[in-house]
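This report concerns only the one structure given below.
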Amino acid sequence: TTSDDGGETEEAGDELISIGFSQVGAESGWRAANTKSIQDTLTADNGFDLSFSDAQQKQENQIQAIRSYIAQGVDVISFSPVVETGWGPVLEEAKAADIPVILTDRAVDTEDDTLYESFIGSDFVLEGEMAGEWAVEQYDGEGYQMVELQGTTGSAPAIDRKEGFADAIAGSDIEVIDSQTGNFTRTEGKQVMEGFLQKYDEIDLVFAHNDDMGLGAIEAIEAAGMTPGEDIKIITIDAVKDGMQALADGKINYIVECNPLLGPDLAEVAQKVVAGEEVEKRIVVEDKTFDQEAAVEALPSREY
Ligand code: GYE
């Protein structure tokens, strides 16, 4: 089917745009807010027929979901790639079937940018840098020993946040004594932090690649009889409700936001792509930062 009059109205009785969306999983509060934004925006009222699948953080599940969307012949495929590499073949298959692909949230590592129409999401290197710059401002000169809780191994946010933070603290006396993945989940963040607390006599600072792992670390620190936010400082990324609450409560020291509300941008780009209009290859979502005071102020009106 081709799009007809190309009119601006969304409820003109036009055919719905069928879109297959493969989500990473349900690993974090960020992901829950992201899923809700997509499901609340890509509705029949807005002109979409959404097929949504959850890959449970497994690339093979995403590839399978994308192949089934290709087989169904949807108008648009969108996904948030769990890891950066290994997408070439399935993206080629979508291209061969003439189905446009829109990336949201996480990037793929490919030289060939004709394999997708647009990539909508935050600048994760910048997020890591903003977190690291604040750490240097606050703590340089104290000889802090830091541990890092990394996101999912091989994912764009884990790679980029690590890099941005490392760049920002280079030249300071903050020393990264260990860095392990907690897979962006609260449970694994807690487990990894428990291990760190057993292994090291002195930990002054935690940099967690997302709020959920930071919240897990808080549980481990409290269980070890210490006060998170004081005995051990904590910096995280996301700024979801639970993270912001912990920041307002003084248990986290600083959060760099990562905006999960990508549904509206995705809807707009999908409509344009189907209508044959030009779209931007890269749409960067803007993120703010919060210290404890700012969190107290922002919490009452926080959407997610
Ligand atoms: O920071 C984390 C989630 O890809 C930006 O994935 C996203 C990250 C987010 O699990 O909480």
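No value in this document is a laboratory result; all are computed from the given coordinates. Everything quoted here is computed from the prediction, not taken from an experiment. Cβ placement follows ideal geometry from the backbone for every residue including glycine, while neighbour counts extend to all protein chains displayed.
The table below lists the values:
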{"read-out": "Integer Hz, Karplus 6.51/-1.76/1.60 couplings in order for region 287-297, x for Gly and Pro", "value": "10, 9, 10, 9, 9, 4, 5, 5, 5, 4, 5"}
{"read-out": "Surrounding net charge for Thr152, when Lys and Arg each add one and Asp and Glu each subtract one, Cβ distance under 13 Å", "value": "-1"}
{"read-out": "Beta bridges per DSSP with both ends in the chain, % antiparallel, nearest 5", "value": "5"}
{"read-out": "Simple Cβ-charge dipole of region 212-303, Lys/Arg +1 and Asp/Glu -1, about Cα centre, in debye nearest 20", "value": "140"}
{"read-out": "Kirkwood hydrodynamic radius of region 65-125, Cα pairs, Å", "value": "11.8"}
{"read-out": "Stretchable slack from Ser51 to Thr153, in nm (0.36 nm times residue separation minus alpha-carbon distance)", "value": "34.0 nm"}
{"read-out": "Estimated vicinal HN-Hα couplings, Hz - region 259-275 in sequence order (Karplus 6.51, -1.76, 1.60; Gly, Pro = x)", "value": "6, x, 7, 8, x, x, 5, 4, 4, 5, 5, 4, 4, 5, 4, 5, 7"}
{"read-out": "Among Gly263, Ile19, Gln72 the positive-end extreme of the charge dipole of the chain (Cβ point charges)", "value": "Gln72"}
{"read-out": "Extension reserve of the Glu111-Asp167 stretch, reckoned as 0.36 nm per residue once the Cα distance is removed", "value": "17.7 nm"}
{"read-out": "Charge-dipole axis of region 156-217 as Lys and Arg at +1 and Asp and Glu at -1 on Cβ define it, positive-most pick from Gly164, Gly214, Ile203", "value": "Gly214"}
{"read-out": "Sequence ranges 80-87, 157-164, 109-116, ranked by mean other-Cβ count within 10 angstrom, highest first", "value": "157-164, 80-87, 109-116"}
{"read-out": "Label-point separation in nm, Asp242 to Glu142, each point 7 Å along Cα→Cβ", "value": "2.6"}
{"read-out": "Calculated FRET value between Ala71 and Glu268, using beta carbons and R₀ = 30 Å, to 0.05", "value": "0.65"}
{"read-out": "Centroid-to-centroid separation of region 14-80 and region 103-136 [C-alpha atoms, Å]", "value": "20"}
{"read-out": "Glu297-Leu126 FRET efficiency (beta carbon distance; Förster radius 25 Å; 0.05 resolution)", "value": "0.60"}
{"read-out": "Dipole magnitude (debye, nearest 20) for region 156-241, charges at Cβ of Lys, Arg, Asp, Glu", "value": "300"}
{"read-out": "Distance between modelled label sites at Glu15 and Gln191, nm, 7 Å Cα→Cβ extension", "value": "4.7"}
{"read-out": "Among Val90, Gly143, Leu103 - extreme Cα towards positive end, dipole of region 19-176, charges at beta-carbon", "value": "Val90"}
